[in-house]
1. Project the alpha carbons of the range 198-273 onto their principal axes and report the range along each, largest first, in whole Å.
2. Over the chain, what percent of the accessible surface lies on carbon and sulfur atoms, probe 1.4 Å?
3. Kirkwood Rh over Cα pairs of the range 1-70 into Stokes-Einstein at 4 °C, 1.567 mPa s: D in µm²/s?
4. At 1.4 Å probe size, with every protein chain present, just tell me what the per residue accessible area of the chain comes to in Å².
5. Using the alpha carbons of the range 73-132, what is the convex hull volume per residue in cubic angstrom, as a whole number?
6. DSSP loop trypsin sites (Lys or Arg not before Pro) in the range 55-99 with at most 16 other Cβ atoms within 10 Å of their Cβ, which ones?
7. Students sometimes get this wrong: rank Val82, Val16 by accessible area, probe 1.4 Å, all chains present, largest first.
8. Work out the P(r) tail for the chain: percent of alpha carbon pairs separated by more than 23 Å, whole number.
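The values are calculated or read from the model by the stated rules, or taken from the named source; none is laboratory data. Source: prediction; values computed, not measured. Cβ sites come from the backbone with ideal geometry, for glycine too, and all protein chains shown count toward neighbours. In case anyone asks, the SASA skips ligands and DNA or RNA and just uses the protein heavy atoms, side chains included. Shrake-Rupley method; radii C 1.70, N 1.55, O 1.52, S 1.80 Å.
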Amino acid sequence: MLRRLLRHRTGVVGLVLSALFVLVALAAPLIAPSDPAAVNFDEVLQQPSLAAPLGSDELGRDQLSRVFYGVRASIVVGVLSVLLALVVAVPLGLIAGYYRGAVDSVVSRITDTLLAFPFLVLAVGLAAVMGASMTNAAIAIGLSQVPNLIRVVRGETLRLAGEDYVTASVAAGASGTTAMFRHILPNSVNALLVQITVAIPQAIIGEALLSFLGLGVQPPTPSLGVMLSSAQTYFTQAPWLVVFPGIAVVLATLGFNLLGDGLRDALDSKGNR
């Protein structure tokens, strides 16, 4: 699988971009040239230069440092929200797909109802109810991704439950829990990996939107969405305040999406041949 991924050109580009953003998120305190919250009124709205490669904002704060920490916030929210979605969706999808019947009907109807709402609309609604904070933004985004993950896990469970090795395991006395978590779930990992690489860029965009609307990360904590929101007033005067955070959002989401495409093709060896 790894060899096939490395032969996939766009997949390699996505892998490099994704790894770069994860490294920036982990090493932000070490590589940021200054404190992202440090105000310097002598350097207000300075254009990009050698001293400040991305310029400074309306309070004289270094934009490069703020972008690094903004990427960190986006990656943290993206990972935490996807983990939350997996914790909720995987058991529900397995139970609904394996036992079917009334349980499947209830889970499927609730899932279909939630899928009727666009992801971002649902995330904004949940964040507005829970209150503005980084933690609540991660929870709102994670819960908004649950319906789609349930559908994926349920579909994989329905497909795998009829396989001979699952049937033989049950015939040998294995319980439903053993069949689901020992045989079906491990063989659903490929589909989940691809879905995770799709869910993370959705979460990054969701975090940027919630922070832009004031429902996510709160100032003065750096966030790409907060930076874009505060830069609206200075768009014509200092366009770099919008351009660089926007590029960071685009590249982060592009990287994970390209990685997802590469993983999908690498894991589908028959399709590649």
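1. The Cα atoms of the range 198-273 stretch 53, 24, 15 Å along their principal axes.
2. The nonpolar share, carbon plus sulfur, comes to 66 percent.
3. Here the translational diffusion coefficient equals 94 µm²/s.
4. Per residue, the chain has 49 Å² of solvent-accessible surface.
5. Normalising the Cα hull of the range 73-132 by residue number yields 92 Å³.
6. Passing sites in the range 55-99 do not exist.
7. Sorted by accessible area, descending: Val16, Val82.
8. 59 percent
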